[in-house]
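Engineer: Before anything else, here's the structure in question.
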Amino acid sequence: MKKITIVLVLLGMVFGCKAQKLPKAYKTNKSEGHFVAAKKNALKIAVTGGGGSHDFLKFFGIADGEILSENGSNTVIYTQDVEEMGALVPAVDVLMLTNNQPLDGTAKNAIFNQVNEGKLNMMIYHPSTWYNWEDWPEYNKQLVGGGSRSHEKLQEFEVIVTKPNHPIMKGVPAKFRIVDELYRWEKDPEGTDIEVLAVGKGLESGEEFPVVWIVKHSKAKIIGNTLGHDERAHGLKAYQTLLKNSLDWVKKK
Ligand SMILES: [Zn+2]
């Protein structure tokens, strides 16, 4: 009995240390994109928003946050406060980056430190796959694998799955249409290698660009996804399936 008790205490200490504490006591508040799991050692996800051209809170914080919370199994905290981002990043397992507002030095360092220590996986969505920050070239090069500088006008286009057997594409139609901005996303030949899982094809232009890809970072699981401008993306079943599958993929150690 004694030995078992000791083992249990040791296990408790190990898992206790692993469960990072969030910087403040959050409560579930869907209108703020806060979903707090009852379990203490639940998976923790930060969603960062803020900047221009998008309703970050409504779509990435609230709509996507609900999916990421998996009915209360995971803790999801949305913020567009840059200072809060710097404090949250070291405490979470997964970061969904959607902001196009600039980050401060603390937040930038926290992201790179956690990624390089193998403690943070990332989902980089729509506005954050852009070339937003000239003073942070290592972001696009190392974490995104490239970027976009323009997009086709907001209209319907086709998404074609190129790696149907990948787990992120499970249950996603081989081809589907979406009303969104087709980002003219380009791989940086000097950036981290990527694997494209789906492309978008302009119905008028016929041009194709990566829409979902994996960034083959040596220390982290990172997914890039250029979809998500407004409710016509976030409300689409295929978008939601991709988000759920992406979480399943990044949360596996
Ligand atoms: Zn957009």
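Engineer: Calculate one ³J(HN,Hα) per residue across segment 104-121 by plugging θ = phi - 60° into the Karplus curve 6.51 cos²θ - 1.76 cosθ + 1.60, and present them in order as whole Hz with x for glycine and proline.
Structural biologist: For segment 104-121, the Karplus curve yields 8, x, 5, 5, 4, 5, 4, 4, 5, 4, 5, 5, 5, 8, x, 10, 9, 9 Hz.
Engineer: Something else: Applying the Karplus parametrisation 6.51 cos²θ - 1.76 cosθ + 1.60 with θ = phi - 60° to the phi angles of segment 236-242, what ³J(HN,Hα) value in whole Hz is obtained for each residue in order, glycine and proline being reported as x?
Structural biologist: Karplus values, whole Hz, x for Gly and Pro: 7, 3, 4, 4, 5, 5, 4.
Engineer: Are any of the pairs Lys40/Lys175; Lys119/Lys153; Lys21/Lys187; Lys108/Lys219 more than 28 Å apart by Cα-Cα distance, and if so, which?
Structural biologist: Over 28 Å Cα-Cα: Lys40/Lys175; Lys119/Lys153; Lys21/Lys187.
Engineer: Let me ask something else. Within the chain, which is the longest segment that contains none of the GluC sites (Glu not before Pro) sitting in a DSSP loop with at most 16 other Cβ atoms within 10 Å?
Structural biologist: 1-116
Engineer: Moving to a separate point now. Taking amide H atoms as placed 1.01 Å from N in the peptide plane, list the residues 5 or more away in sequence, or in a different chain, whose amide H sits under 5 Å from that of Asp188.
Structural biologist: Gly146, Gly147
Engineer: A further question on this structure: Determine the distance separating the Cα centre of segment 125-180 from the Cα centre of segment 205-228; give it in Å without decimals.
Structural biologist: A separation of 5 Å, based on Cα centres.
Engineer: While we're looking at this one, here's another question. Short version: ³J(HN,Hα) in whole Hz for each residue of segment 54-64, in order, from phi by Karplus 6.51 cos²θ - 1.76 cosθ + 1.60 (θ = phi - 60°), x for Gly and Pro, what are they?
Structural biologist: 9, 8, 4, 4, 4, 8, 7, x, 8, 5, 6
Engineer: Calculate how large, on average over all directions, the projected area of the Cα convex hull of the chain is; give the answer in nm² to one decimal.
Structural biologist: Taking the Cα atoms of the chain, their convex hull projects to 14.4 nm² on average.
No lab work stands behind these numbers, since they all come straight from the coordinates. All values reported here derive from a predicted model rather than from experimental measurement. Cβ coordinates were reconstructed from backbone atoms using ideal geometry, including for glycine residues, and neighbour counts include every protein chain displayed.
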